2 protein chains.
Amino acid sequence: MAAPAIADWQTLAASKRAANANKIPAEWRLPSSLTAQFTETSTLNVLDVPRTCGLLTEKELELTENYHATELAHLMSSGKATSVDVVTAFCKRAAIAQQCVNCLTETMFDEAIARARECDEYLAREGKSMGPLHGVPISLKDSFNVKGTQSTIGYVSWISHPPASSNSNLVDLLFAAGAVFYCKTNLPQTMMTADSHNNVFGRTLNPNNLSLTSGGSTGGEGSLIAMRGSILGLATDVAGSNRIPALCNGVKSFKPSAGRVPFGGGAPPGRLGSPSSIVPVIGPMGWSVRDLELVMQTICDSDAWRFDENVLNIPWRRIQPTTRPLRFGLIRGHPKRPLHPPIARALHSAATKLKEKGHQVVLLDDKIPDLWESAILAWKFFLLDPKKTPVQHITASGEPWVPSIATCRFEELNGWEPSLDELWDMNLERAKIVKRYHDLIVENELDAVLMTGYNACAPPHDTYGVTIYTVLQNLLNYPSGILPYLKANKELDEPFFKAEAVYEPPYNPETFEGMPAHVQVMGKPMKDEELMDILKLMEGILEE
Amino acid sequence: MAAPAIADWQTLAASKRAANANKIPAEWRLPSSLTAQFTETSTLNVLDVPRTCGLLTEKELELTENYHATELAHLMSSGKATSVDVVTAFCKRAAIAQQCVNCLTETMFDEAIARARECDEYLAREGKSMGPLHGVPISLKDSFNVKGTQSTIGYVSWISHPPASSNSNLVDLLFAAGAVFYCKTNLPQTMMTADSHNNVFGRTLNPNNLSLTSGGSTGGEGSLIAMRGSILGLATDVAGSNRIPALCNGVKSFKPSAGRVPFGGGAPPGRLGSPSSIVPVIGPMGWSVRDLELVMQTICDSDAWRFDENVLNIPWRRIQPTTRPLRFGLIRGHPKRPLHPPIARALHSAATKLKEKGHQVVLLDDKIPDLWESAILAWKFFLLDPKKTPVQHITASGEPWVPSIATCRFEELNGWEPSLDELWDMNLERAKIVKRYHDLIVENELDAVLMTGYNACAPPHDTYGVTIYTVLQNLLNYPSGILPYLKANKELDEPFFKAEAVYEPPYNPETFEGMPAHVQVMGKPMKDEELMDILKLMEGILEE
């Protein structure tokens, strides 16, 4: 079944890393005196390194720090900035980020700057932009295919694969809308853990505190965007992969309803053809809700079906911003994974602010199906492949499992084997859960549900554990967004400490001090437009 | 596993039929001298019986024959007709139809007339209509649940079941929009054959020629609507069940993209929780495309997700009627099921008329995946239940299989047993087919695909066979519509006879003389609105 193990997988991986590192121009390199400090045991915050290292010009700092993607697109489309300048700035800053937090896999800097030049020339020649993302640099998780660039997705056995011969469907679509692709980013072995760590590219660190996880599976994006080495990134999500890195690194993300964004044409970590009822999606990560909306709107308004036979082919609806008081459900967590004090404080504070603004909050804790059981059901859907294809990709090279694989699973499923007969029952069980949430939302006339995306701020490497608060939205197929909100502060958090709670991962206030906290907002299925509007409203309330 | 066989299933079924027959008022009954002629071996055309039998008043004939549902809704909403008059007329006409072609299962005439009175009173009291379907009678396939009415769906073992305790989700939605439900209609044992025949209610006959099939699985609707005993009916469709009865009886139908119409809450003929990639849908049947659109628009604009947790929650888009020349793909059939001359003539004539109007037609025959193989793949998806639940429903009563069950299957699948591992491969195989059609449509810039829905007009009972021309749209999840067009005419059809073709079912011009032919028009996924527009345009061209 499996190919013979590759004799020396370490050498192969080291050679791949070295080849990629060599692509970073010498003049964009940080001194080794600095990079030597950036280890996975250091508690350094490196967010300021791009500004302090001296490699970026004032103009480059301005372009990478002062604008939303929406503004950059406008500046470039109106000729007030060139795409070459913008893209070069982000390439340089991404290179610096890479040297701090190891967030990149492949770089395409030369190709990106050449493409940016094409954008600028097109504008000059045609007198109009290429599209709504004219000249905008976008970073991609490594699992996206870009023609001519490799997609190993961290499997050592895939280092021998040739570069991709075609683009992911979404890459084609966004390219037609004017986007510039300049780098791909790190992810976990198998893409099924929350630590972006694999044996090809190593581990991505959290720029807020290098000793903590950047999250996964789109951790490279999370830390790159936090470093402002990217203004917009694209992330897949089947159990939280678009949202976990956002909440770990303190950026924003949006997981749409399944089918709204073209998913096809990427590099799959497992077997294609899954009969799972949980459908993976792609969503944007970035710094502002309006940037997330720019991406969603551009995709949905591009006649996306032309690019992807499985996309739902529905335009982005223009809705009036809501002005009426909204009704939020509130989920405060599950006893097996009680919220760490910083997260409990953020959730409490967000709910309080909403109420102060006249919105209503309805507690759902005792009304929803057991979150733990729901997550176990979701995990069964992820284990439906009798061939265990990801295992084959690992054993093919002889590489070991990364440590976090063992932590991101349910003991209840030890020894569980899938069967076609049980799959019918799993679908029925899922149907009951879906109906229960539906009925709660309809009966309580809810506009959205406020909850957490995780029970802690980004925890130490390899301790994230199971993702019960993010996989729920995949199981339900409800859209969801992450908004960073507040930061861990041991004094302010102290009132939220519960002596009787068994915190998992362990809660030590010192570990998390200063780390971003967050809230998650879950919308109604296919009402991605309405959820985006609610996220904008909440962004305003939480950041005022 | 199965309950003990019911000692005397015939007695039980006869008693159920007698009870239902007794609900038809004596004054609505046809003389037995007439009904004695209405047998499944007679070649009578009974479409004129409601007009000639003398049971309907001139007003009732006018209400049931002269208006589209859209017009009736307008007449009732504006107070120019009462719902009591309209509903009574259709109840009477449905009762007459039942005595001619055995199309009904349950009747709810008293409840319907009481509901109609409520509609009239509401209008008088509130000065506004109940909704877009104010007072409009709608007939339902027996598999829809209506609170207080039984849903045996033709299983003898279900005769002992209590009446439904809740409505199908779509029934709730349409009720809120003002609809009146007055009868349920016949369907095949297991709902998986094209002859609406079961051991509880017997066989539904085709009113154009009683010796021919009314189609299935929504054959009761097809023949009832053809008799104008209904102006609008609702039909499920997973392999053609909404379209086959339309083309057999000479009425129109629309199968939407999956998820646009609430499906939940009905009586399932098999096991719930199917992991099949083919999702069953519900679509309207009726006399005009604008009536079909009225139903679709009402459903999609009713915030359908409030009624059904699995519906896609997408409003009906308002589009401008197209005025540009369209591009149609043309599929002329598969060698294993060559088109009977009347069908080949209808398809040829429709394509010719489109070209005469300036539209373009692109032949796809040699470019599409093998239709026979695609249908076999689809059938595998229908056989995924290891428990073979429908078999249990049959054996529970000791009733025999109806004859058509043996004809609506693929010999290639004899002995085939489903497995979880193969399901992954089936999904991949389906994905390739879906991609191929997608690419053909995109590359050829097609607006729709013109083809047949079946290789013949309605054939003799129990000879319909496999449904390769309708299951394709379920496998692809493309919307599709049936338009009746031309009638079998042995002289005009003769040039389309091919001596070398092996017609299956056999082609004898005398058998089919005068029977409705048809075309099928397949649209792009989720572009139900655009397809409806194209169907309107074609309806105009074909009927001018």
Q) Applying the selection to the range A:24-34, what residues are of a type outside the set (A, V, I, L, M, F, W, C) and either touching a Pro at 6+ places or on another chain (Cβ under 9 Å) or surrounded by 14 or more Cβ atoms within 10 Å (Cβ to Cβ) (or both)? A) A:Arg29
Q. In this structure, does A:Leu75 turn out to be open to solvent by 20 Å² or more (accessible area, probe 1.4 Å), in a loop (DSSP other than H, G, I, E, B) and of a type outside the set (Val, Ile, Thr)?
A. no
Q. Does at least one position in the range A:284-304 carry a residue that is under 22 Å from A:Lys536 (Cα atoms), open to solvent by 40 Å² or more (accessible area, probe 1.4 Å) and out of contact with any His (no Cβ under 9 Å at 6 or more places or on another chain)?
A. yes
Q: Kindly check whether there is at least one residue in the range B:72-81 that is of a type in the set (S, T, N, Q) and over 25 Å from B:Gly215 (Cβ atoms).
A: yes
Q | Failed item in (1) within 12 Å of chain A (Cβ to nearest Cβ); (2) at pLDDT 95 or above; (3) open to solvent by less than 30 Å² (accessible area, probe 1.4 Å), with B:Asn310 passing the rest | A | (3)
Q: Working only within the range A:512-536, note down all residues that are open to solvent by 40 Å² or more (accessible area, probe 1.4 Å) and of a type outside the set (Lys, Arg).
A: A:Glu513, A:Glu530
Q) Between residues in the range A:418-435 that are more than 7 Å from every other protein chain (Cβ to nearest Cβ) and residues that are hydroxyl-bearing (Ser, Thr, Tyr) and part of a helix (DSSP H, G or I), which pairs lie under 6 Å by C-beta distance while being six or more apart or on different chains? A) A:Ile433/A:Ser374
**Q.** Unique residue being open to solvent by 20 Å² or more (accessible area, probe 1.4 Å) and either part of a strand (DSSP E or B) or under 29 Å from A:Ser33 (Cβ atoms) (or both) when the list is A:Thr105, A:Thr88
**A.** A:Thr88
(Q) What are the pairs with Cβ atoms under 8 angstrom where one residue, in the range A:501-529, is away from chain B (no Cβ under 14 Å) and basic (Lys, Arg) and the other, located anywhere, is in a strand (DSSP E or B) and open to solvent by 10 Å² or more (accessible area, probe 1.4 Å)? Sequence gap at least six, or different chains. (A) none
Q) Which condition number in (1) crowded, with 23+ Cβ neighbours inside 10 Å; (2) within 14 Å of chain B (Cβ to nearest Cβ) is the one that A:Arg317 fails? A) (1)
**Q.** Checking A:Lys367 against (1) more than 23 Å from the chain's Cα centre (by Cα); (2) touching a residue at least 40 places away in the same chain (Cβ under 8 Å); (3) within 12 Å of chain B (Cβ to nearest Cβ), the condition it does not meet
**A.** (3)
Q.
Among the residues of the range A:48-69, what is the count of those that are over 20 Å from A:Thr35 (Cβ atoms), loosely packed, with under 15 Cβ neighbours inside 10 Å and among the hydroxyl-bearing types (Ser, Thr, Tyr)?
A. 1
Q.
For the structure I just gave you, tell me whether A:Tyr454 is more than 14 Å from every other protein chain (Cβ to nearest Cβ) and within 20 Å of A:Leu187 (Cα to Cα).
A. yes
Q: Would you point out which residue out of B:Leu440, B:Leu446 is touching a strand residue (DSSP E or B) at 6+ places or on another chain (Cβ under 8 Å), surrounded by 21 or more Cβ atoms within 10 Å (Cβ to Cβ) and within 14 Å of chain A (Cβ to nearest Cβ)?
A: B:Leu446
Q: Test A:Asn208 against the criterion of being at pLDDT 95 or above, farther than 21 Å from A:Asn20 by Cα and in contact with an Asp or Glu (Cβ under 9 Å, 6 or more places away or on another chain), and give yes or no.
A: no
Q. Within the range B:392-409, can you find the residues that are open to solvent by 10 Å² or more (accessible area, probe 1.4 Å), among the hydroxyl-bearing types (Ser, Thr, Tyr) and either farther than 20 Å from B:Ser214 by Cβ or touching a Leu at 6+ places or on another chain (Cβ under 6 Å) (or both)?
A. B:Thr395
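Residue-wise test of (1) under 27 Å from A:Pro342 (Cα atoms); (2) at pLDDT below 95.
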site	(1), (2)
A:Pro400	no, no
A:Pro403	yes, no
A:Thr407	yes, yes
A:Asp421	no, no
A:Trp424	no, no
A:Glu443	no, no
A:Leu472	yes, no
A:Leu475	yes, no
Q | the range A:262-294, residues that are under 20 Å from A:Leu476 (Cα atoms), within 14 Å of chain B (Cβ to nearest Cβ) and among the hydrophobic types (A, V, I, L, M, F, W, C) | A | A:Phe263, A:Ile278, A:Val279
Q: May I ask you to verify whether A:Ser349 is out of contact with any His (no Cβ under 8 Å at 6 or more places or on another chain), open to solvent by less than 40 Å² (accessible area, probe 1.4 Å) and either part of a loop (DSSP other than H, G, I, E, B) or away from chain B (no Cβ under 14 Å) (or both)?
A: yes
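Conditions tested, residue by residue: (1) under 17 Å from B:Ala26 (Cα atoms); (2) touching a residue at least 12 places away in the same chain (Cβ under 8 Å); (3) assigned by TED's automatic domain parsing to the domain that holds B:Met227; (4) out of contact with any Asp or Glu (no Cβ under 6 Å at 6 or more places or on another chain).
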site	(1), (2), (3), (4)
B:Thr82	no, yes, yes, no
B:Val86	no, yes, yes, yes
B:Phe90	yes, yes, yes, yes
B:Gln98	yes, yes, yes, yes
B:Glu111	no, yes, yes, yes
B:Ala114	no, no, yes, yes
B:Glu121	no, no, yes, yes
B:Gly127	no, no, yes, yes
B:Leu133	no, yes, yes, yes
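The values are calculated or read from the model by the stated rules, or taken from the named source; none is laboratory data. None of the values given here were measured: they were computed from a predicted structure. When we count neighbours, we look across all protein chains shown, and the Cβ atoms used for this are built from the backbone with ideal geometry, even at glycine. Heavy atoms of the whole protein, side chains included, go into the accessibility calculation; ligands, DNA and RNA do not. Shrake-Rupley method; radii C 1.70, N 1.55, O 1.52, S 1.80 Å.
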